[in-house]
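To start, the structure under review is shown below, and the notes come after it.
Please treat every number below as a calculation from the coordinates, not as lab data. Quick caveat, the model's predicted, so the values are computed rather than measured. All Cβ positions, glycine included, derive from the backbone under ideal geometry; neighbour counts span all protein chains shown.
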Amino acid sequence: MTSEILQRARDFEAQYAAFIPEAERPAFHVTGAVGWINDPNGFSCYKGEYHLFYQYHPYTTNWGPMHWGHVKTKDFIRWERLPVAIAPDTEADRDGCFSGSAIELADGRQMLVYTGVYKTRRTDGWMEEFQQQCVAFGDGVNYEKYPGNPVLDGSDLPAGGSVLDFRDPKVWQEPDGTFLMVAGNRTPDGSGAIRLFESPDGTHWSYAGTLDSSRNEYGRMWECPDFFPLDGQQVLLVSPQEMTAVGLEFHAGFGSIALLGSYDPAARRFERERVQSIDYGTDFYAPQTLQSCDGRRIMIAWMQNWATAGCQPQSPRWFGQMTLPRELSIRNGRLIQNPVRELEHYRGRRVCYKDLLVTGETNLSGVSGRLLDLTVTIRPVDARSSYQAFKIRLAKDGQRETLIRYKVSSSTLRLDRTHSGFPYDIVNLRDFPVRPQNGTVKLRIILDRYSLEVFVNDGEQAASMTIYTPISAQNISFEAVEGAVYIDVEQYTLNFGQEDAE
Ligand code: FRU
């Protein structure tokens, strides 16, 4: 049965989404039908299609009582909108349906596993928010919440586990049919721990161990865990709050990190070996993965940062977007990310330059736009030649530009939106080290109107940044600073129909 609260949200998006012109949104990055979105939820395969839900507050462009918005896709690029899936409308989730995941059941139903939130006022007047895990079952459009919710609450946690910070369940099924779930929790020292739970049927769950904990290193509370095997190793993804900056690897505040190691499924023990940032840009949080029908591990994340989400452009009635789904692999002990290969089906006109000598700022005929798949390879002229830096300016007009700069002496890449025209004093710049090979650096840059995602050296590093520069700023230029370089440029326009002649 559709509750009044859910129906109201469905009616609201049906009525108002149409007022947002498609050309004023990203073309292939997911946004909400209308209003605010944050974390990706329930990214999973169901009946041969890929479903994506998201934290959703349709009524304003700010975070509010959380619903789950819903889209699905066959190719990770073109998304079909579905009505709001769930709303905060039961006792167990009356103050919000927080993040979670989804899975296809053997009987053909889709199960959503999410965090139900309810608030109560303590005797001293302080409001406390309790978090517990809930499930709902549906057919890919409509969902019934399980009457026995919550299926896990604070009493299921080991001693010391916080009943106030217990959220973001990610579920999967083992070959023997057992359901497993990881969820974020806080330990008595205030830091994060990833708890593992098991269930024979998806509704009866019990605690099965703690996979890893931050011990106040790598941030404090760990949100939105995901846990999966990849190329012979085991990967734990978490999004820590309150990170302390470490060199250029980890920036302060909200981050997302990958813990790589080994896993003994019989003992349910994870042995962490290495830790790295997942994305080195300004806007990336709460990633979640699925395994595609052809066996690829694909990750999507919220392309935003909580620290700056309050600063929004004036006009659009949408706020928050997802990253492009990325294919994951492991190379030389590092997490590798590349755009899903399906993007290539949308490539249109190709413009190519080979061994082009660049010195001062140069425009290239045919290279411009805001809907592009652009690869730039930067090579020193010869072993003795030198240059100080190489700059790519994007989304540029007479007043505005967004800069990608490679600095030779430090082997660092910079993304800088200081002059992109966004009128807020937010974090506008990020530097991170890259690994040139024989002095060569290769950058694949995906532009979708209001964002850029940069993939360095075939996915060794990724960096995402949102920009809100008017679409009329289309120019791109290249410049070698104090010297000269050779570059190769391969640009494809991305075509999604007639409206995308930009
Ligand atoms: C992460 C997060 C989750 C929570 C959700 C609420 O961005 O804080 O931990 O479930 O957002 O919207």
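Cut-off is 10 Å between beta-carbons; in what order do 485, 351 appear when sorted fewest neighbours first?
The order, fewest Cβ neighbours first, is 351, 485.
Assign unit charges at the C-beta atoms only (+1 for Lys and Arg, -1 for Asp and Glu), then state the dipole size of segment 346-501 relative to its Cα centre in Debye, rounded to the nearest 20.
Working: 20 positive and 19 negative charges, 25 e Å.
Computed about the Cα centre, the dipole is about 120 debye.
What does the charge count near residue 97 come to, summing +1 for each Lys or Arg and -1 for each Asp or Glu among other residues with Cβ under 15 Å from its Cβ? Walk me through the intermediate numbers first.
Values: positive: 8, 10, 94, 119, 145, 167; negative: 39, 89, 91, 93, 95, 129, 144, 168.
Within the 15 Å Cβ shell, the charges total -2.
Kindly state, to the nearest 0.05, the FRET efficiency for residue 292 paired with residue 123, given R0 = 41 Å and r defined as their beta-carbon distance.
0.20
Please find the FRET efficiency linking residue 356 to residue 435, where r is the Cβ-Cβ separation and R0 is fixed at 35 Å, and quote it to the nearest 0.05.
Plugging the Cβ-Cβ distance into 1/(1 + (r/R0)^6) gives 0.90.
How large is the Rg to Rh ratio of segment 261-381 when both quantities use alpha carbon positions and Rh follows Kirkwood?
1.04
How do 46, 59 rank when sorted from fewest to most other Cβ atoms within 10 Å of their own Cβ?
59, 46
Estimate the FRET efficiency between residue 364 and residue 262 by the formula 1/(1 + (r/R0)^6), using the beta-carbon distance for r and 60 Å for R0, to the nearest 0.05.
0.80
Give the Debye-formula value of log10 I(q)/I(0) at each listed q (0.12 Å⁻¹), with one equal scatterer per alpha carbon of the chain, two decimals each.
Log-scaled intensity ratios, in q order: -1.08.
Stretch residue 24-residue 1 to full length: gain in nm at 0.36 nm per residue minus the Cα-Cα span?
4.8 nm
What Kirkwood radius, in Å to one decimal, follows from the Cα pairs of segment 1-98?
13.7
Quick check for me: using +1 on Lys/Arg Cβ and -1 on Asp/Glu Cβ, what's the dipole size of the chain about its Cα centre, in debye to the nearest 20? It would help to have the intermediate numbers written out before the result.
On the way: 51 positive and 65 negative charges, 231 e Å.
Value, rounded to 20: 1100 debye.
Using all Cα-Cα distances in segment 346-501, what percent lands in each 10 angstrom bin from 0 up to the longest?
All Cα pairs, binned at 10 Å, distribute as 11, 43, 36, 9, 1 percent.
Using the alpha-carbon atoms, what tilt in degrees (0 to 90, nearest 10) does helix 4-16 show relative to the longest principal axis of the chain?
20
Pairs on different chains or at least eight residues apart, Cα atoms closer than 18 Å: how many lysine pairs in the chain fit?
8
As a footprinting exposure proxy, order 166, 137 by other Cβ within 10 Å, with the fewest listed first.
137, 166
With unit charges on the beta carbons (Lys and Arg positive, Asp and Glu negative) and the dipole taken about the Cα centre of segment 346-501, which residue among 375, 426, 451 sits farthest to the positive side?
It is 375.
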